[in-house]
Amino acid sequence: MPAPIELPVRAQPPFQEITYAGLPAGTEMVVRLDTAEIIASLKNRFDSVLVPERSGFSLQQEELILSNGTPYRRVWVHYEDSATWSTHGACGQNIYAWFRASGELADVFVEPLVCPI
């Protein structure tokens, strides 16, 4: 099995999950990118590291969060390196894309690589 491809790790700042009712007064969350566009953006962002035929991405969850008083749409995408597939699964990483209320991408955070035993 080849060595897994690992995306650069970057920890998320502290945040709390909120509901629409928890948004600051007057805040409207705009969604500018759909799932396919978010995944394409992430592939482009990590293009220098990824091997396209080995890279799989899947949407896991979307939620509203509040960090340092600012609301974000947090999109959780899982990256998987298919060349590391075993009977227990493949090596992968969780990626979190944070979007401003305006719908623009604010930042991307990546958890450490995990490989099943």
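The values are calculated or read from the model by the stated rules, or taken from the named source; none is laboratory data. Here the structure is a predicted model, which is why all the values come from computation and not from measurement. Glycine gets a Cβ as well: all are built from the backbone with ideal geometry, and neighbour counts include every protein chain shown. Accessible surface areas use protein heavy atoms only, side chains included; no ligands, DNA or RNA. Shrake-Rupley method; radii C 1.70, N 1.55, O 1.52, S 1.80 Å.
Overview of results
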read-out: Residue-by-residue Karplus 3J(HN,Hα) for segment 50-63, coefficients 6.51, -1.76, 1.60, Hz, glycine and proline x; value: 6, 10, x, 6, 9, 9, x, 10, 9, 5, 9, 6, 10, 7
read-out: 114, 75, reordered so the largest accessible area comes first (probe 1.4 Å); value: 114, 75
read-out: Among (i) 13.7, 44; (ii) 25.7, 73; (iii) 15.5, 53, the entry that matches Rg and Dmax of the Cα atoms in Å as calculated here; value: (iii)
read-out: For the chain, size of Cβ-based charge dipole, Lys and Arg +1, Asp and Glu -1, in debye; value: 140
read-out: Neighbour net charge for residue 84 - beta-carbon separation under 15 angstrom, K R +1, D E -1; value: -3
read-out: Percent carbon-and-sulfur accessible area, segment 29-117, ignoring ligands, DNA and RNA, probe 1.4 Å; value: 51
read-out: Probe 1.4 Å, all protein chains present, accessible-area order of 80, 17, 104, largest first; value: 17, 104, 80
read-out: Karplus 3J(HN,Hα) series, Hz, for segment 11-21 with 6.51 cos²θ - 1.76 cosθ + 1.60 (x for Gly, Pro); value: 6, 6, x, x, 7, 10, 6, 9, 9, 4, 5
read-out: Neighbour net charge for residue 39 - beta-carbon separation under 14 angstrom, K R +1, D E -1; value: -3
read-out: Largest to smallest accessible area among 47, 81 [probe 1.4 Å]; value: 47, 81
read-out: Simple label model, 7 Å out from Cα along Cβ direction - residue 17 to residue 60, nm; value: 1.2
read-out: Cleavage-rule hits (trypsin sites (Lys or Arg not before Pro)) in segment 30-77: DSSP loop, at most 15 neighbouring Cβ within 10 angstrom; value: 32
read-out: Helix-only [θ]222 nm of the chain, DSSP H runs n ≥ 4, -39500 (n - 2.57) each, per residue, nearest 500; value: -3000 deg cm²/dmol
read-out: Backbone HN-Hα couplings from phi across segment 105-110 [Karplus 6.51/-1.76/1.60, Hz, Gly and Pro as x]; value: 5, 8, 6, 10, 10, 9
read-out: Nonlocal amide H pairs with residue 32, under 5 Å, H built at 1.01 Å; value: none
